Amino acid sequence: MPVKEHYPAIVIGAGQAGLAAAHEFARRGLEPWRDFIVLDSNDGPGGAWRHRWDSLTLGKAHGIADLPNFPMGDPDTHRPASDVVAEYYGNYEHEFGLPILRPVEVERVEDVGAPLRVTGTVTRNDTGEPCKDPLSVTADVVLSATGTWTHPYVPFIPGIDTFQGTQLHTVNFTRAEDFRDKHTLVVGGGMSAVQFLLQLSEFTTTTWATRRPPNFATRSFNKAWGLDVEEQVRQRTFHGEAPASVVSTTGIPQWPEYLEGVKQGVLVSRGMFDEIERGGVAYKTDQPTAGELAVPESWAPYPAGTRVEADVIFWNTGFRHALNHLRPLHLREPGGGIRMASEVDVAKEPRVKLVGYGSTASTIGATRAGRRAGREAVKYLEREVWK
């Protein structure tokens, strides 16, 4: 389908949030390819899920919410989640005739007067050959649903460039067998670190490094808990602060397999090292004293002067929201985040909706936010453009 010069609405990203928003546009009468398009950076459906490692399956610790009006049903827990979700998203795109243009790397969204200009690069042509064709279109409203997967975060630690072993981030993981007999330092206090530690323990020895004592939850992971977590994150974004890490607001569930991991010494944090050396890391300061912990045995920090040899440093230190394309709009506040007027409305720029940001950075939240963003975008068009 030929690309027009202008669309009333453009969605950036075809993950859970972007697809939900696109469906809402279609449901409200916007015509695909005429009134809106979706720009996606991937070669095919699936969003960030298509890049997950093959051993990751959908189950207790990992799942996705249903997309609007298209139940997923019971997923095959033996197939890689990357395949299952890509298939589900692809079927959704086909079922509702969503106008997905891919692969497109969106580089800038800027104010050029009444509309916003979206510029980027088409990285594969219609025949499947790699290319670098420029794309420039305008839109009255832009929904950004770009997620976090493309922006892995690794903290700066003195000496990080001197390490002679292997360093990788969650995004680079393929299979636990690759770590066989390589002592691995797993860095990070979230669910990914916990799950990888248990996987790797079957093949090698590990050391767990976290800045704070492991945050094992003291309450059940139920609907009320989920609402409380979302409210905590929501309040931060309403004040323009950077969204907090997931584990700082959710905690780690006290599931039997996790408590067994603590008992075996696998899920026991040794605190955070201060410096990286050629063959490992050094703890140069004493770790903070912990208060009352839900699982006290999970915190046994090394004293100052301890050195740990390592073959691999595995960074499970999270992600940052992929918002570089919005820099020309100067939306960030001094607190480091983007101040939101609602879950999807940017306080400084009513023509931009953020989907999957802050409290909606989960598949359940992303689905809800996608629908809301689509609804609010149509209201904006009716009020400001189509009046």
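The values are calculated or read from the model by the stated rules, or taken from the named source; none is laboratory data. These numbers were taken from a predicted model, which means no experiment stands behind them. Positions of Cβ are backbone-derived with ideal geometry, glycine not excepted, and every protein chain shown enters the neighbour counts.
Things worth noting here:
- For Met1: the one exception among (1) assigned by TED's automatic domain parsing to the domain that holds Val122; (2) more than 24 Å from the chain's Cα centre (by Cα): (1)
- Among the conditions (1) among the polar types (S, T, N, Q); (2) touching a strand residue (DSSP E or B) at 6+ places or on another chain (Cβ under 9 Å); (3) more than 11 Å from Thr207 (Cα to Cα), the only one that Thr289 does not satisfy is (2).
- Matching residues in the range 91-114 - criterion: being assigned to a loop (DSSP other than H, G, I, E, B), modelled with pLDDT of 95 or more and not aliphatic (A, V, I, L, M): Phe96, Gly97, Pro99, Arg102, Pro103
- Considering (1) surrounded by 14 or more Cβ atoms within 10 Å (Cβ to Cβ); (2) free of Cβ contacts under 8 Å to residues at least 24 places away in the same chain; (3) part of a loop (DSSP other than H, G, I, E, B), the lone condition that Gly128 does not fulfil carries the number (1).
- Flag if Val122 is under 14 Å from Asp40 (Cβ atoms), in contact with a Gly (Cβ under 7 Å, 6 or more places away or on another chain) and in a strand (DSSP E or B): no
- Failed criterion for Pro134 (all others in (1) at pLDDT 95 or above; (2) within 19 Å of Met1 (Cβ to Cβ); (3) surrounded by 14 or more Cβ atoms within 10 Å (Cβ to Cβ) hold): (3)
- Of the criteria (1) on the phi > 0 side of the Ramachandran plot; (2) modelled with pLDDT under 95, which one Gly271 fails: (2)
- Count of the range 8-57 residues, restricted to those that are crowded, with 17+ Cβ neighbours inside 10 Å, of a type in the set (Gly, Ala, Ser) and within 25 Å of Asn125 (Cα to Cα), is 10.
- A residue that is surrounded by 20 or more Cβ atoms within 10 Å (Cβ to Cβ), assigned by TED's automatic domain parsing to the domain that holds Ile10, under 18 Å from Gln199 (Cβ atoms) and touching a residue at least 12 places away in the same chain (Cβ under 8 Å) occurs nowhere in the range 59-77.
- Residue count, the range 341-363 (criterion: more than 14 Å from Leu19 (Cβ to Cβ), at pLDDT below 90 and of a type outside the set (Ser, Thr, Tyr)): 3
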